[in-house]
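The values are calculated or read from the model by the stated rules, or taken from the named source; none is laboratory data. Values in this document were obtained by computation on a predicted structure and should not be read as measured data. Note that we place each Cβ from the backbone using ideal geometry, even for glycine, and neighbour counts take in every protein chain shown. Surface accessibility is based on the protein's heavy atoms, side chains included, excluding ligands, DNA and RNA. Shrake-Rupley method; radii C 1.70, N 1.55, O 1.52, S 1.80 Å.
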Amino acid sequence: LKGITPIDDADLTRKDYVDNAILTLASGKYTPTATVGTNLQSATALSMNYSRVGSVVTVHGQINIDASVSGEWSSLGLTLPVEPTANFSGPSDAGGVVGADEGGLSGRVYASTGNKEVRVTFESTSTAPQSIGVAFSYILE
């Protein structure tokens, strides 16, 4: 029960308090489905890692991409390892970053409003196939 402050010591002996204080903990690997969006010829998500603590899910992994035009913004969608019960209501329901070792590629990850997936956007730095890293979190509601 670390991190949960009881009102008094007697709370620690009450079954209803302990039952309600326990967090859902999970972790594992999953391979998301990548949906090609703007300025991409292809996008393939590799196996990604995730962890869940309570209602917060954190994900990190790699995506192989092939951009159509260098210097243009590209986008794709990714499915989630633990699906929220309702669609995201706005972009800030999820957040994260995108990067690559080569060429200074960077971007962001945000919730796809009205859906149960995230959008990955970045400025393409090459038309050659490359691997990008993503890391993001979202809250289950």
With respect to the numbered conditions (1) surrounded by 14 or more Cβ atoms within 10 Å (Cβ to Cβ); (2) in contact (Cβ under 8 Å) with a residue 24 or more places away in the chain; (3) out of contact with any Phe, Trp or Tyr (no Cβ under 6 Å at 6 or more places or on another chain), which one is the sole condition not fulfilled by N49?
-> (2)
Taking L1 as meeting all but one of (1) hydrophobic (A, V, I, L, M, F, W, C); (2) at pLDDT below 95; (3) surrounded by 13 or more Cβ atoms within 10 Å (Cβ to Cβ), write down the number of the exception.
-> (3)
The number of residues in region 52-87 that are surrounded by 16 or more Cβ atoms within 10 Å (Cβ to Cβ), in contact with an Asp or Glu (Cβ under 7 Å, 6 or more places away or on another chain) and among the small types (G, A, S) is 1
Does region 88-98 hold any residues that are closer than 17 Å to G61 by Cβ and open to solvent by 50 Å² or more (accessible area, probe 1.4 Å), and which are they?
-> V97
Top-ranked residue of region 50-95 - restricted to ones that are assigned to a strand (DSSP E or B) and of a type in the set (G, A, S), ranked as nearest to L140 (Cα to Cα) | A94
What number of residues within region 112-136 are buried (at least 23 other Cβ atoms within 10 Å of the Cβ), touching a Ser or Thr at 6+ places or on another chain (Cβ under 8 Å) and of a type in the set (A, V, I, L, M)?
-> 2
